[in-house]
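A.B. asks: Take a look at the following structure, please.
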Amino acid sequence: MLNKIKGNQKVHLTTYTNSDSVISDQFRKIRTNIKFLTNNMQNKVYLLTSTRQKEGKSTVISNLTVSIVQQQSKVLLIDANLREPLVHDIFKISNDKGLTNVLKGYTTLEQAISHTDIQALDILTAGIPVTNPTELLGSEGMKELLLSAASMYDMVLIDSPSVLESTDTRVLANQCAGVVLVINRGKTVVDDVIETKKVLELANANLMGVIFNEK
């Protein structure tokens with residue numbers, strides 16, 4: 001377990017708007033744990049996922065990303081949840097150009113990246129809707145994109161779809177140095193966690209740990 005996120009208030013971007021809060025401190029603890037776990041890894045691409053939708057994964061990864069850049073790390077957050085993207089809404093930025101635009105060859109990675117008002121934090125939104133998300137995420141183009149991104153940033157974090165509701169995350173997981181599973185206390189079913197672990201193992205993914213989201 002990497003840590004727990006507790007509290008009744010909505011998180012949103014608490015690590016940015018209220019860096020002295022209890023919730024922000026919990027994200028700092030998760031940040032520290034991830035740093036220790038990844039210290040000797042060459043590949044700096046990490047994926048956050050959940051068993052099913054509505055477990056708070058996108059909010060967790062957005063706040064974690066903000067917390068990491070507060071340590072002067074240059075980070076790219078990629079929204080690879082092509083079916084239900086949320087990152088652009090959380091950061092209130094345009095989704096006109098993003099990941100799918102790059103993979104379709106409509107634009108370059110550099111042109112699709114959004115530079116935020118938060119120092120050292122860049123975002124690659126999901127981009128235009130597509131009918132074949134699994135094929136795109138499992139393509140050679142995606143592998144090349146991740147290699148390019150990893151060479152440009154200190155860390156790349158990927159918000160991916162839930163494991164049990166699509167095959168998208170399975171084709172992404174083994175391209176990353178590690179996978180973190182977000183579990184929502186009171187929502188996540190134990191059998192789903194067990195099944196998710198099996199799916200990730202079959203995908204040769206490195207499951208680094210679990211974040212308990214108690215919101």
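The values are calculated or read from the model by the stated rules, or taken from the named source; none is laboratory data. The model shown is predicted, which means the values in this text are computed figures rather than measured ones. Using ideal geometry, Cβ is built from the backbone for each residue, glycine included, and neighbour counts are taken over all protein chains shown. The protein model used for the area step is the full one, side chains on, heavy atoms only, and it has no ligands, DNA or RNA in it. Shrake-Rupley method; radii C 1.70, N 1.55, O 1.52, S 1.80 Å.
A.B. asks: Considering only protein heavy atoms, what per residue accessible area in square angstrom results for segment 39-188 with a 1.4 angstrom probe?
C.D. replies: 42 Å²
A.B. asks: Tell me the relative contact order for the chain as a rounded percent, counting alpha carbon contacts under 8 Å between residues six or more apart.
C.D. replies: Contact order relative to length: 31 percent.
A.B. asks: For segment 19-58 and segment 140-177, compute the distance between their C-alpha centroids and round to whole Å.
C.D. replies: After rounding, the separation between the Cα centres reads 15 Å.
A.B. asks: Rounded if a/c is under 1.5, else prolate if a/b is larger than b/c, else oblate: which is segment 125-184, with a ≥ b ≥ c the root eigenvalues of its Cα gyration tensor?
C.D. replies: Oblate shape, in that a/c is at least 1.5 and b/c is the bigger or equal ratio.
A.B. asks: What is the magnitude of the charge dipole of the chain about its Cα centre, with +1 placed on the Cβ of each Lys and Arg, -1 on the Cβ of each Asp and Glu, and no other charges, expressed in debye to the nearest 20?
C.D. replies: The dipole magnitude comes to about 600 debye.
A.B. asks: Same structure again: To the nearest 20 Debye, how big is the dipole of segment 49-161 about its Cα centre, given +1 on the beta carbon of each Lys and Arg and -1 on that of each Asp and Glu?
C.D. replies: Value, rounded to 20: 200 debye.
A.B. asks: Once the other residues with Cβ under 12 Å from the Cβ of Ile123 are scored (Lys, Arg +1; Asp, Glu -1), what is the net sum?
C.D. replies: So the environment of Ile123 carries a net charge of -3.
A.B. asks: Let me ask something else. Students often forget the sequence filter, so: which aspartates and glutamates lie under 20 Å Cα-Cα from Lys35 once same-chain residues fewer than 8 apart are removed?
C.D. replies: Reachable aspartates and glutamates: Asp25, Asp122, Asp154, Asp159.
A.B. asks: With the dipole of the chain worked out from charges on the C-beta (+1 for Lys and Arg, -1 for Asp and Glu) around the Cα centre, which of Phe91, His12, Gly127 lies farthest toward the positive end?
C.D. replies: Comparing the listed Cα positions along the dipole, His12 ranks first.
A.B. asks: Excluding residues fewer than 8 places away in the same chain, name every one of the aspartates and glutamates whose C-alpha is closer than 17 Å to that of Lys104.
C.D. replies: Here the aspartates and glutamates satisfying the reach criterion relative to Lys104 are Asp79, Asp96, Glu135, Glu140, Glu144, Asp168.
A.B. asks: Now for a different question. Quick check: net charge around Thr134, other residues with Cβ under 13 Å of its Cβ, Lys/Arg +1 and Asp/Glu -1?
C.D. replies: -1
A.B. asks: Between Glu135 and Leu13, how many nm apart are label points set 7 Å from Cα along the C-beta direction?
C.D. replies: 3.5 nm
A.B. asks: Could you tell me whether segment 153-215 comes out rounded, prolate or oblate from its Cα gyration tensor? Rule is a ≥ b ≥ c as square roots of the eigenvalues, rounded for a/c under 1.5, then prolate if a/b exceeds b/c, otherwise oblate.
C.D. replies: The shape class here is oblate.
A.B. asks: I would also like to ask the following. Can you tell me the Rg and the Dmax, both Å, for the Cα atoms in the chain?
C.D. replies: In order Rg, Dmax, the Cα atoms of the chain give 15.7, 43 Å.
A.B. asks: Continuing with the same structure: Using DSSP, restrict attention to beta bridges with both residues in the chain and report what percent are antiparallel, rounded to the nearest 5.
C.D. replies: Around 5 percent of the beta bridges assigned by DSSP in the chain are antiparallel ones.
A.B. asks: If each residue of separation counts as 0.36 nm, what is the full-extension length gain between Glu144 and Asp117 once their alpha-carbon separation is subtracted?
C.D. replies: This chain segment gains 7.0 nm when fully extended.
A.B. asks: Label segment 11-77 by shape, choosing from rounded, prolate and oblate, from the square roots a ≥ b ≥ c of the eigenvalues of the Cα gyration tensor; if a/c is under 1.5 it is rounded, and otherwise prolate applies when a/b is larger than b/c, oblate when it is not.
C.D. replies: Verdict is oblate for segment 11-77.
A.B. asks: Once neighbouring chains are kept in place and the probe is 1.4 Å, which whole percent of the accessible area of segment 116-195 is contributed by carbon and sulfur?
C.D. replies: 50 percent
A.B. asks: Can you tell which of Leu47, Thr59, Ile23 lies farthest toward the positive end of the dipole of segment 17-69, using +1 and -1 charges on the Cβ of basic and acidic side chains (Lys, Arg; Asp, Glu)?
C.D. replies: Leu47
A.B. asks: Could you tell me which of Ala203, Asn184, Val69 has its Cα farthest along the dipole of the chain towards the positive end, charges placed at Cβ (Lys, Arg +1; Asp, Glu -1), taken about the Cα centre?
C.D. replies: Checking the options against the dipole of the chain, the answer is Asn184.
A.B. asks: If you consider only alpha-carbon coordinates, what radius of gyration and Dmax does segment 83-170 have, in Å?
C.D. replies: 12.6, 35
A.B. asks: Moving to a separate point now. Once you list every other residue whose beta carbon is under 12 Å from the beta carbon of Thr107, what net charge do they have if Lys and Arg are +1 and Asp and Glu are -1?
C.D. replies: 0
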